[in-house]
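Here is the structure we will look at, set down as structure tokens.
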Amino acid sequence: MILRPFSHPILPVITKLAFLNIKFQPGRKMANVSMAMKQFSRRISTISSNNNPFSVCVVGSGPAGFYTAEKILKKHEEARVDIIDRLPTPFGLVRSGVAPDHPETKIVMNQFSRVVQNDRCSFFGNVALGSSVSLSELRDFYDVVVLAYGAESDRVLGVPGEDLKGIYSAREFVWWYNGHPDYSQLDPDLKSNDTAVVLGQGNVALDVARILLRPTAELASTDIASHAVAALEESCVRKVYLVGRRGPVQAACTAKELRELLGTKGLSVNINEADLAKTPADEEELRNNRIHRRIYELLSKAASSGASTSSAERQLNFVFFRKPDRFLESDTRSGCVAGVRLEKTVVRENGGKQVAIGTGDFEEIQSGLVLKSIGYKSVPVDGLPFDHNRGVVPNIEGRVTSDDASAADGLQQFEKGLYVCGWLKRGPTGIIATNLYCAEGTVNSISEDIEKGVLTPLSISTRKPGREGLLQLLDSKNIRYVPFESWEKIDNEEKRQGWLKNKPREKLTTWTELMKTASD
């Protein structure tokens, strides 16, 4: 005779009675019994919910990814969240994009660390979407997949000479001085040039200009990569041109970033006062936009203060109403950039916006170092709908829209269980806090779909494997992932080395160093 374990639906309830802590005593009034039964019902509902968890995979461990994970964990007690990232280090652009002399901005990493320390959340570093695991595999493993991997490429100008040596994107340069392992060997030539041209006037452009012009003694006490400090100490760059297509009224930076750049020690600031002349359209724009008004005031004050003194060690030149027409090749160094040809522009209203129109007049700036700060760009992956013109994933409130335009049911126009957040959702705009509201919108969409039953498993037999499926796949491919505990080893080692140099941390900047430290 074969003995089979006895099973009955009431058994799970009986095993939880101690947890429920509901006591029935002789003589208890019926009202109290009724109250106890209501409590019993609520607890049973909670147990049922916790016994039917849904799995979530967030791709990307930057602000968008962590804010998404945090909101899901808070809103859904039954959720289990895994965050994967192709790097062995978490925090995305907070680590590799925020300027080293902005430590206050990086405090948010403490908040993100608390998220992943939740028992229902795990981090998997060194797991790349596309090579380590495909999108289709993730969708097979998880009930919900949220893509928040940001933008790891750059927009292009599409002008002649853009591929000459000495021309870099601002992203590449930022990742170089921030110790990103993909760009620690970039080695920009700062010795052969006394002039650098930065195309763009947004916050990233201002960061790049400030790093080039700020005294290295001030940078040395930050978490800037050691190879960048060494190169900047030997840099011959003393003059930076910040070039913008439109005028000072339309400058895309924030007042905080501009104020900091203008206050750089030993810096001469040059602005053509004629560029500050305002049109009626400019006046209207300044009346309606407090931020632009404050930026214009700062630029006007810098232009009128006579900051361009001969005793200044370094020089910053704001160049407005210019757009790049072509890059000039050096006569003596084949394949290397020697300057930029700029076309003068005027600003005209077009469709409610003020746009730059070329005039046919040109001028040149000689420089062997050009940094393009014209915008980041997201990259697609196999199986993902993608708008190549906008560089985003087509979505409605974070739900990825389907390529199948023939679906009649409104819900079927979306890719079931697939969502986006951050730059991949809205484009490379905003500050870190912008991702908080972006994540809230995406998580609200997920919650609505759960409530409607769109994401509910039909039965236990159809439940997706979640983390277990991912672990089995990584094991079968012999991929060594980096859990958060191993990241903490990297974190501790960087802080230890930084303490020896009076820095917050000394970043490990190569894949070999990072992976070795993670495994020690």
- Relative to the longest principal axis of the chain, what angle (0 to 90°, nearest 10) does the C-alpha long axis of helix 203-213 take? 50 degrees
- Quick one: work out Rg over Rh on the C-alpha atoms of the range 409-520, Rh as Kirkwood radius. 1.11
- Message: Restricting to Cα pairs below 8 Å that are 6+ residues apart, what does the relative contact order work out to for the range 261-369? Please round to a whole percent.
- Response: 23 percent
- Task: Report the far tail of the P(r) of the range 101-251, meaning the percent of Cα-Cα pairs longer than 23 Å.
- Result: 53 percent
- Item | Only Lys, Arg (+1) and Asp, Glu (-1) charged, at Cβ; the range 180-309 dipole about Cα centre in debye | 480 debye
- Task: Report the Stokes-Einstein translational diffusion coefficient (µm² s⁻¹, integer) for the range 80-153, Rh taken as the Kirkwood radius over Cα pairs, at 37 °C with viscosity 0.692 mPa s.
- Result: 239 µm²/s
- Where N is the number of residues in the range 293-403, Cα Rg divided by 2.2 N^0.38 Å: 1.55
- Message: Restricting to Cα atoms and excluding each atom paired with itself, what does the Kirkwood estimate give for the chain in Å?
- Response: 26.2 Å
- Task: Determine the distance separating the Cα centre of the range 150-182 from the Cα centre of the range 311-388; give it in Å without decimals.
- Result: 13 Å
- Task: Could you name the aspartates and glutamates whose alpha carbon sits less than 13 Å from that of K353, not counting residues in the same chain fewer than 8 places away?
- Result: D282, E284, E285
- Starting with the highest mean, order 354-360, 177-183 by the number of other Cβ atoms within 10 Å, averaged over the residues of each peptide. 177-183, 354-360
- Task: List, in the order given, every pair from K278/K372; K165/K507; K74/K489; K239/K301; K106/K265; K464/K516 whose Cα-Cα distance in the structure shown is over 30 Å.
- Result: K464/K516
- Query: Where the Cα atoms of the range 204-283 are projected onto their three principal axes, how long is each span, largest first, in whole Å?
  - Reply: 49, 22, 20
- Query: For the chain, with only Lys/Arg (+1) and Asp/Glu (-1) charged at the beta-carbon, what is the dipole magnitude about the Cα centre, in debye rounded to 20?
  - Reply: 2020 debye
- Item | the range 354-407: equivalent-ellipsoid semi-axes (sqrt of 5 x gyration tensor eigenvalues, Cα, Å) | 38, 16, 10
- Item | Options L219, Y376, L147, ranked by Cα towards positive dipole end of the chain, top entry (Cβ charges) | L147
- Tally up the carbon and sulfur contribution to the accessible surface of the chain as a whole percent, 1.4 Å probe, everything protein left in place. 50 percent
- Could you state the accessible area per residue of the chain in Å², with a 1.4 Å probe and every protein chain left in place? 50 Å²
- Message: When only alpha-carbon atoms are used, what values of Rg and Dmax, in angstrom, describe the range 255-338?
- Response: 16.5, 50
- Packing-based order for 503-516, 198-211, using average beta carbon neighbours within 10 Å, highest first: 198-211, 503-516
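The values are calculated or read from the model by the stated rules, or taken from the named source; none is laboratory data. What you see is a predicted model; the values in this text were computed from it and never measured. We place every Cβ from the backbone using ideal geometry, glycine too, and count neighbours over all the protein chains shown. Heavy atoms of the whole protein, side chains included, go into the accessibility calculation; ligands, DNA and RNA do not. Shrake-Rupley method; radii C 1.70, N 1.55, O 1.52, S 1.80 Å.
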